[in-house]
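The structure under discussion appears below in the form of structure tokens.
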Amino acid sequence: MGKVYVFDHPLIQHKLTMIRDKETGTKDFRELTDEVATLMAFEITRDLPLEEVTVQTPVCEAKAKVLSGKKLGIIPILRAGIGMVDGVLKLIPAAKVGHIGLYRDPETLQPVEYYVKFPSDIEERDFIVVDPMLATGGSAVEAINSLKKRGATSIRFMCLIAAPEGVEAVKEAHPDVDIYIAALDEKLNEEGYIVPGLGDAGDRLFGTK
Ligand code: PRP
Ligand code: URA
């Protein structure tokens, strides 16, 4: 079964509180989301494999470590996932970025796919799917389905805020996928919004209503 990691680093928690605040405007919401994505990327990459190499320092030859293993890919779920991409790329600048466009049908809350473009070397990469919100889990489950269908075998999911329902849905559909979150909230309301959450992530990020 996939593991769930809650990043309780004080900087992540502080910035997330500012993101939640309804008085936080688009500019600050964007900047804070970017910063939290960077901090979460730092945490999520803790277990990346290393190999030993020899490096010539100005003083002598030394044994030192560099990253080994598969290259990384970042997959934002459009729209709101876009807000986390640059923050992750600050730490992993060579990662390829694929996109999947999904929106939730407001009536059924089911995800509707409208765009897919993934890197061509999909089997050779470890993927991090990013989206600020994991609510019913429909969008995350569908994005991961779409990646697997095209050959991806190593996928993690990273979001700012998750509802218990969304976590369960991803665990059930994709037991091989670990989930990384900044906060696990209480529940979903009747409209499928996370409570207390932060409202509509896409609208707050892009200033739309
Ligand atoms: C939001 C959010 C997730 C999805 C989560 O996107 O960014 O993708 O809802 O909900 P779920 O877990 O119930 O699927 P939305 O559908 O509002 O589209 P947008 O990013 O284009 O605003
Ligand atoms: N999508 C959002 O943007 N916010 C929620 O609370 C749930 C889904």
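The values are calculated or read from the model by the stated rules, or taken from the named source; none is laboratory data. Computed from a predicted structure; not experimentally measured. Ideal geometry is used to build each Cβ from the backbone, glycine not excepted, and the neighbour counts take in all protein chains shown. Accessible surface is based on the protein model in full, side chains and every heavy atom, while ligands, DNA and RNA are left aside. Shrake-Rupley method; radii C 1.70, N 1.55, O 1.52, S 1.80 Å.
Can Ala201 be described as out of contact with any Ser or Thr (no Cβ under 7 Å at 6 or more places or on another chain), more than 12 Å from ligand 1 (Cβ to nearest atom) and open to solvent by less than 50 Å² (accessible area, probe 1.4 Å)?
Judged against the criteria, Ala201 is not a match.
State the number of residues belonging to region 78-112 that are within 16 Å of Arg150 (Cα to Cα) and within 11 Å of ligand 1 (Cβ to nearest atom).
Selection size over region 78-112: 2.
Given the criteria more than 20 Å from Ile12 (Cβ to Cβ), more than 16 Å from ligand 2 (Cβ to nearest atom) and assigned to a strand (DSSP E or B), does Leu102 qualify?
Spelling it out, it is not the case that Leu102 is more than 20 Å from Ile12 (Cβ to Cβ), more than 16 Å from ligand 2 (Cβ to nearest atom) and assigned to a strand (DSSP E or B).
Out of Ala135, Ala140, Ala163, Ala95, I need the residue that is surrounded by fewer than 24 Cβ atoms within 10 Å (Cβ to Cβ) and under 23 Å from Leu32 (Cα atoms). Which one?
On the way: Ala135 fails: surrounded by fewer than 24 Cβ atoms within 10 Å (Cβ to Cβ); Ala140 fails: surrounded by fewer than 24 Cβ atoms within 10 Å (Cβ to Cβ); Ala163 fails: surrounded by fewer than 24 Cβ atoms within 10 Å (Cβ to Cβ).
Just a single option satisfies the conditions, and that option is Ala95.
Does Ala37 fit the bill of being away from ligand 1 (no atom under 12 Å from the Cβ), surrounded by 14 or more Cβ atoms within 10 Å (Cβ to Cβ) and modelled with pLDDT of 95 or more?
yes
Please determine whether any residue of region 109-129 is out of contact with any Gly (no Cβ under 6 Å at 6 or more places or on another chain) and surrounded by 22 or more Cβ atoms within 10 Å (Cβ to Cβ).
Yes, because at least one residue in region 109-129 is out of contact with any Gly (no Cβ under 6 Å at 6 or more places or on another chain) and surrounded by 22 or more Cβ atoms within 10 Å (Cβ to Cβ).
Report, ordered by the first and then the second residue, all pairs with beta carbons closer than 6 Å, sequence separation of six or more or different chains, a first member in region 184-209 that is basic (Lys, Arg), and a second member that is more than 10 Å from ligand 1 (Cβ to nearest atom) and modelled with pLDDT of 95 or more.
Matching pairs, first to second residue: Lys187/Val195; Arg204/Phe29.
Are there any helices (runs of 4 or more DSSP H) wholly within region 122-209 with 2 or more residues that are over 20 Å from Gly101 (Cα atoms), and if so which?
Because the criterion is at least 2 residues that are over 20 Å from Gly101 (Cα atoms), the helices (runs of 4 or more DSSP H) in region 122-209 that meet it are 164-173.
Identify the residue in region 121-138 that is within 16 Å of the chain's Cα centre (by Cα) and of a type in the set (Asp, Glu) and, among all such residues, is farthest from Gly202 (Cα to Cα).
Asp126
Yes/no matrix, rows are residues, columns are (1) part of a strand (DSSP E or B); (2) on the phi > 0 side of the Ramachandran plot:
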site: Asp28; (1), (2): no, no
site: Ala37; (1), (2): no, no
site: Leu48; (1), (2): no, no
site: Glu52; (1), (2): yes, no
site: Lys63; (1), (2): yes, no
site: Gly69; (1), (2): no, yes
site: Ile74; (1), (2): yes, no
site: Ile92; (1), (2): no, no
site: Leu109; (1), (2): no, yes
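Starting from region 9-24, take each residue that is in a loop (DSSP other than H, G, I, E, B) and list its partners that are open to solvent by 90 Å² or more (accessible area, probe 1.4 Å), counting only C-beta distances under 6 angstrom and pairs at least six apart or across chains.
none
Would you mind stating whether Arg150 is in contact (Cβ under 8 Å) with a residue 12 or more places away in the chain, closer than 22 Å to Thr33 by Cβ and basic (Lys, Arg)?
Here the answer is no, as Arg150 does not meet what is asked.
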